[in-house]
Amino acid sequence: MIEFMNVEKTYSNGTTALRNINLKIGQGEFVAVIGLSGAGKSTLIRCINRMHEITGGTLIVDDVDVAKLKGGQIRRFRRRIGMIFQSFNLVTRTTVINNVLVSFVPELPLWRKWTGLFTKEQRIKALEALDKVGILVKAFVRVDQLSGGQQQRVALARTLAQSPDIILADEPIASLDPVTSRVVMDDFKNINKAMNISVIMNIHHVDMALEYADRIIGIRKGEVVFDGETSKVTPEI
Ligand code: ADP
Ligand code: ADP
């Protein structure tokens, strides 16, 4: 459960990106956050895992008061929340499986990550995660050999290997073609429904948001201007 209570975010340069945000998101919901560029969507989801710190109000994520976390607590907290980016954020010059295995040792320097320090259980878990998003056959292929859609599914597998309660996705299909976008959105939907993982996704394709999400939150100039079930959204929104 995620709860925003009068949340405000003002960046250090004085820009107020969020004001008076009040939201409750239950476990297992698939929420699409829509709005124009600069509306505050990215800021909103990045406050949830404390990539950004809120500057007012209270934000509770699974009984944790996010603003009160310190040092090592922040790192442990972040590990329970998956994050998917528009640009995939993979290490492209190594294999798919290595990219998933990294999720088990995020704090290690890069050069130590591929040196055979993973247990058999971790390897199995990584392969299972790849299987869940339908790219097990690519496990030993280098990431730079894959299409954009396949790369985004590797990013999803990497997140799943962490067994998150929540996946945050910041424009995950913005750089994919329409056909591939659907494959990736289907993966999000399957993961959300089969594993009861909450998905909170920024997406500027309103048609895709309407097709896949259970709930739509509309943001304009840092404020929530719409919040409701997808079935209740009228076409002009
Ligand atoms: P969206 O994701 O809807 O495009 P953002 O959350 O990225 O919106 O941005 C909301 C507002 O905050 C914009 O005015 C943007 O320029 C500003 N902003 C975003 N990130 C920063 C930052 N790190 N420092 C200062 N201003 C920022
Ligand atoms: P926070 O207070 O959440 O740590 P900062 O204001 O320190 O955020 O900015 C974080 C980073 O985002 C900085 O590296 C900054 O240069 C960059 N940034 C600044 N303005 C923007 C903007 N309009 N959109 C996106 N990123 C921005």
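Taking the Cα centre of region 1-131 as origin, work out the dipole magnitude from +1 charges on Lys and Arg Cβ and -1 charges on Asp and Glu Cβ, in debye rounded to 20.
That gives a dipole near 480 debye.
Positive end of the charge dipole of region 1-125 (Lys, Arg +1 and Asp, Glu -1 on Cβ, about the Cα centre): tell me which of S103, T55, G14 has its Cα farthest that way.
Selected residue: S103.
Which of the GluC sites (Glu not before Pro) found in region 158-237 are in a DSSP loop and have at most 12 neighbouring Cβ atoms, other than their own, within 10 Å?
Details: sites: E211, E223, E229, E236; in loops: E236.
When the GluC sites (Glu not before Pro) of region 158-237 are filtered for loop state and at most 12 Cβ neighbours within 10 Å, E236 remain.
Among 33-46, 50-63, what's the highest-first ranking by average C-beta atoms within 10 angstrom per residue?
33-46, 50-63
For the chain, what is the mean residue ellipticity at 222 nm derived from helices alone (per DSSP H run of n ≥ 4: -39500 (n - 2.57); sum divided by total residues; nearest 500 deg cm²/dmol)? Could you put the intermediate results ahead of the total?
Values: 7 runs with 73 residues, N = 237.
My calculation for the chain gives -9000 deg cm²/dmol from helical runs alone.
If r is the Cβ-Cβ distance from D62 to K189 and R0 is 25 Å, what FRET efficiency results, to the nearest 0.05?
The computed FRET efficiency comes out at 0.65.
What shape does region 1-126 take by its C-alpha gyration tensor, where a ≥ b ≥ c are the square roots of the eigenvalues and a/c under 1.5 counts as rounded, a/b above b/c as prolate, and the rest as oblate? Provide the component values of the computation, followed by the final result.
Values: a/c = 2.11, a/b = 1.92, b/c = 1.10.
Prolate, because a/c is 1.5 or more and a/b exceeds b/c.
Among G26, S42, Q150, whose Cα projects farthest towards the positive end of the dipole of the chain, with charges put on the beta-carbon of Lys, Arg (+1) and Asp, Glu (-1)?
Working it through, the farthest residue towards the positive pole turns out to be Q150.
Can you give the charge dipole size of the chain about its Cα centre, rounded to the nearest 20 debye, using +1 on the beta carbon of Lys and Arg and -1 on the beta carbon of Asp and Glu?
Value, rounded to 20: 960 debye.
If I compute solvent accessible area with a 1.4 Å probe over the protein chains, what percent of it on the chain is carbon and sulfur?
Numbers: 5820 of 11460 Å².
Within the chain, the accessible surface is 51 percent carbon and sulfur.
When the scattering of region 150-237 is computed by the Debye formula from its Cα atoms alone, each counted once and equally, what is log10 I(q)/I(0) at q = 0.14, 0.23 Å⁻¹?
-0.51, -1.25
The values are calculated or read from the model by the stated rules, or taken from the named source; none is laboratory data. The model shown is predicted, which means the values in this text are computed figures rather than measured ones. Note: ideal-geometry Cβ built from the backbone for every residue, glycine included; neighbour counts use all protein chains shown. To get the accessible areas, we keep the full protein, side chains included, count just its heavy atoms, and leave off ligands, DNA and RNA. Shrake-Rupley method; radii C 1.70, N 1.55, O 1.52, S 1.80 Å.
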